[in-house]
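One structure is given here, and the rest of the page talks about it.
The values are calculated or read from the model by the stated rules, or taken from the named source; none is laboratory data. Quick caveat: nothing in here was measured; it's all calculated off a predicted structure. No Cβ is skipped: glycine too gets one built from the backbone with ideal geometry, and neighbour counts run over all protein chains shown. When the accessible area is computed, the model is the full protein with side chains, heavy atoms only, and any ligands, DNA or RNA have been set aside. Shrake-Rupley method; radii C 1.70, N 1.55, O 1.52, S 1.80 Å.
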Amino acid sequence: PPPRVPPELAGALADAAAGLAAESQRLRERLATQLQQRRAELVCGLEAYLTNEQARVCTLSTNYVARSATLPTSTAAIIAQDRLNSALSDGRNLCRLVSSVVFSRGGRPGERRMELAAGQSCRARWMDGNFYDATIHRVLGDGNVMVNWLRPRPVGVALGSETPPILTVSEVGGDDSLHRIVPEADIQLRSPDGRLDSDLARRLFDARSEEDLVCVDCGSGAEVEFASVSFGTYLCAACASLHRGLGLRSSYVKELSGGHGWTAQEMRCMELGGNAAFRACLRQYPAMEAMPWDERYASRFAECYRRKLDACCTGAQAPPTLAAEAAAAVAPRQREFLSAAEASELVRRVVNDFELATREVGVGAIDWT
């Protein structure tokens, strides 16, 4: 028989294990909090850098065109082209590196993702932010995937009742030879029965409580098909438009779209948020309830609530309770906070903007595929 562990030793080991678990949890909270504090600084720095790089690429392109107009093989033209190619390559490599860091970790901590492989059917996010059908051509190993965008099915082809419909880039007027490299997090795989990862989001939205079926701002029950991921709340079309006017740094608005295009990170915000939670917090500050909606969402109360929801989603330390007299104060113009979901969306937009701007340069010196 196995040797018996003395009760004293067993108790000491249990205490040590509990102590290590508690210390590990505190360490995770500290690291998540530090990232939360620096997230806005890092993302805004990236945005400013890529904006400057766009301007530099345009300047180099103008110089290259001027140098090569008269004598394309001249030394000056070759140097101008090399400088342009170098700037394009550096910017593109940075975009890929950032995408691999930001988007390669979809889902919750410890969640196992379905492995990606060549030949799999999927939907992937294109330049316009929407998802379209594709197949995986190659997994690049740096957090990105090369895809082949599907073409519309030929007219007259008989389809079975179980054949899922497809959405194609070309049908919305897009060029499906572009934007073939996408982050892994922008891939939604189809299971063998044709279902997409977005089924999880659709089930979440279908199971909404009655309170989540009305707009959190105006109480309307019509067209509540939008959400503020920043607050984990549901909105009607009219209020969603007003939230979009506030900008991504104040309220990240996303259409429910039957679950298409939703990431695990965004769904987590909705799972832990909800209209009831937001209203319960709002009731603790009566002055905020009476405040016009635009002032409310520009206040310290709104920023604190976004921080609190982000902390719940990422494991960071929750912010201290906001004093009633401070709740109505206007949050800083230069936003000092971005939630994880907001930061991911801002990075996606910044990277896409750079890619679009550099493609329009028109110098076919670099193979982007």
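Points to keep in mind about this one:
- Residues in the range 225-271 that are open to solvent by less than 10 Å² (accessible area, probe 1.4 Å) and β-branched (V, I, T) were compared, and the one that is nearest to S198 (Cα to Cα) is V229.
- Looking across the range 281-303, the residues that are open to solvent by less than 40 Å² (accessible area, probe 1.4 Å) and part of a helix (DSSP H, G or I) come down to C281, L282, M288, R296, F301, A302, E303.
- With respect to the conditions (1) part of a helix (DSSP H, G or I); (2) open to solvent by 20 Å² or more (accessible area, probe 1.4 Å), A318 lacks only one, and its number is (1).
- A327 meets all of the listed conditions (1) open to solvent by 20 Å² or more (accessible area, probe 1.4 Å); (2) touching a residue at least 40 places away in the same chain (Cβ under 8 Å); (3) over 25 Å from G129 (Cβ atoms) but one, namely (1).
- Within the range 34-63, the set of residues being surrounded by 18 or more Cβ atoms within 10 Å (Cβ to Cβ) and either closer than 15 Å to A343 by Cβ or modelled with pLDDT under 85 (or both) comprises Q36, R39, A40, V43, C44, L46, L50.
Matching residues to (1) in a loop (DSSP other than H, G, I, E, B); (2) free of Cβ contacts under 8 Å to residues at least 40 places away in the same chain:
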| position | (1), (2) |
| --- | --- |
| R202 | no, no |
| V224 | yes, yes |
| F231 | yes, no |
| R249 | yes, no |
| Q265 | no, no |
| A276 | no, no |
| R279 | no, no |
| Y305 | no, no |
| L309 | no, no |
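- Scanning the range 252-263 for residues that are part of a loop (DSSP other than H, G, I, E, B) and either within 12 Å of L204 (Cα to Cα) or at pLDDT below 95 (or both) turns up L256, H260, G261, W262, T263.
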